[in-house]
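Laboratory data are not the source of any read-out in this text; all were calculated from the coordinates shown. Predicted, not measured: the structure shown is a model, and the values here were computed from it. Here Cβ is always computed from backbone atoms with ideal geometry, including for glycine, and neighbour counts include all displayed protein chains.
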């Protein structure tokens, strides 16, 4: 898996070339710039929710490291279950080649969601930012490791222009500095190393200490249960992006309430 990120970025660039032949970027930009009643993920995560925390509940069909997680799902059903369980936002993994997601998954979730919807994908082009807004996303994931500092700043600016909140993902101190220098306000700390796929929630604990009060932190990946959440809460982190444990649960609504500490 050491070259996973480079493989997926190459695939993503090929997809963008093909997509732009069908729908030119200028048309997507016009659609993205239309008023769309977008809901702010940054605002929603700026303060803890009713149980002292917020969960971004993720819809994720598969992963390169784990293979299929849950096949044949109906995204609308999961979105409705997540909302009943108290999700502050819903993340939809739209990458198709490696994660079995799609843009239709996001459209489906957006049709029933009353909370912000995050498009989680591998963004390497302005085309994808405009596309995200056009298909109904409220926020997008930007991965520092996949972008140059200059281009990251440009994408953040474009997100602002179309009312998308960028969740800027980092994994180490250098990437955190790059994100903050580029103007990111919403910082996602990925506990998973994209080169090795090892996860360690200590990554979030260590990096959160370096983030200023003007930023909002989200801990991502490897959060398996209430014990992990309590460790992160002790470190001052109250936003969590959780996918796999929810997707594998027989009762996602109940599992989410358990993560919040709302039920034993």
Less than 20 Å from a label point 7 Å out along the Cα-to-Cβ axis of residue 250: which backbone N atoms in the range 50-71 qualify, by residue?
69-71
Which FRET efficiency value, to the nearest 0.05, do you get for residue 231 and residue 10 by plugging their Cβ-Cβ distance into 1/(1 + (r/R0)^6) with R0 = 45 Å?
0.80
Per the helix-only calculation at 222 nm, which mean residue ellipticity applies to the chain, given -39500 (n - 2.57) for every DSSP H run of n ≥ 4 and division by its residues, nearest 500 deg cm²/dmol?
-12000 deg cm²/dmol
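What is the calculated FRET efficiency for residue 112 to residue 181, with r their C-beta to C-beta distance and R₀ = 41 Å, to the nearest 0.05?
About 0.60, to the nearest 0.05.
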Over the chain, with a Gaussian network built from C-alpha contacts below 10 Å, which listed residue (142, 41, 207) shows the highest mean-square fluctuation?
207
Please work out how much length the chain gains when fully extended from residue 40 to residue 154, using 0.36 nm per residue of separation minus the C-alpha to C-alpha distance, in nm with one decimal.
39.1 nm
Note to self: C-alpha centroids of the range 122-177 and the range 75-91 sit apart, in Å, by 23 Å
Classify the range 145-200 as rounded, prolate or oblate, taking a ≥ b ≥ c as the square roots of the eigenvalues of its Cα gyration tensor: rounded when a/c is under 1.5, otherwise prolate if a/b is larger than b/c and oblate if not.
prolate
With the cut-off at 1.5 for a/c, could you classify the chain from its C-alpha gyration tensor as rounded, prolate or oblate?
rounded
